[in-house]
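Below is one structure, written out as structure tokens; comments come after it.
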Amino acid sequence: MKLNKTYIVIRKREDGYFLANYSNRKCVLGYEADWVNEVRGALTLSLDSYEEDKQTYESLAKAFGAEIIKVEASFSLTYPDGSEVKPIEVVEGNGWVDE
């Protein structure tokens, strides 16, 4: 099964690390941020959410000395034996069933 995903991440311009976590510090105008060197550990944001509040996210990236990056990822899902994973279809009211 193939999956394609598009999402937004924030990457530091200085070293290419990706934003993994951030929080405001209590009682001061400051923040704490954690960064990772692999995109898979980054905080992600849907493209739609980014477009809805673009200015806020661009300001956040600027405060971190970072940039907004659009990630277009493709995944190939297989079982450990190499056989293809089947998609799962959700049927409302009946729970999960295989397609």
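Just so it is clear, none of the values below were taken in a lab; they were calculated from the coordinates. Everything quoted here is computed from the prediction, not taken from an experiment. Every residue, glycine as well, gets a Cβ built from its backbone with ideal geometry; the counts of neighbours run over all protein chains shown.
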Mind pulling the angle between the C-alpha long axis of helix 54-63 and the longest principal axis of the chain? Nearest 10 degrees, somewhere in 0 to 90.
60 degrees
Using Cβ contacts closer than 10 Å as the measure, can you line up Leu3, Leu43 from fewest to most?
Leu3, Leu43
Any idea how far apart Ile69 and Leu43 come out in nm if each label point goes 7 Å out from Cα toward Cβ?
1.6 nm
Taking the chain as a Gaussian network, where each spring joins two C-alpha atoms under 10 Å apart, which residue of Ala33, Ala42, Ala20 fluctuates the most?
Ala33
How high is the relative contact order of the chain, in percent, with contacts defined as C-alpha pairs under 8 Å that are six or more residues apart?
35 percent
Calculated FRET efficiency, Lys26 and Val91, Cβ-Cβ r, R0 41 Å, to nearest 0.05?
0.30
Report the longest stretch of the chain that contains none of the trypsin sites (Lys or Arg not before Pro) sitting in a DSSP loop with at most 11 other Cβ atoms within 10 Å.
27-99
Residue-by-residue Karplus 3J(HN,Hα) for region 38-46, coefficients 6.51, -1.76, 1.60, Hz, glycine and proline x
10, 4, 5, x, 7, 5, 10, 9, 5
Once amide hydrogens are built 1.01 Å from N within the peptide plane, the residues lying 5 or more places from Tyr17 or on another chain with amide H under 5 Å from its amide H are Lys12
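Which pairs in the list Lys12/Lys86; Lys2/Lys62; Lys5/Lys62; Lys26/Lys62 are over 30 Å apart, alpha-carbon to alpha-carbon?
The answer is Lys12/Lys86; Lys2/Lys62.
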Rounded to the nearest 500 deg cm²/dmol, what is the calculated helix-only ellipticity per residue at 222 nm for the chain, with -39500 (n - 2.57) per DSSP H run of length n ≥ 4?
-4500 deg cm²/dmol
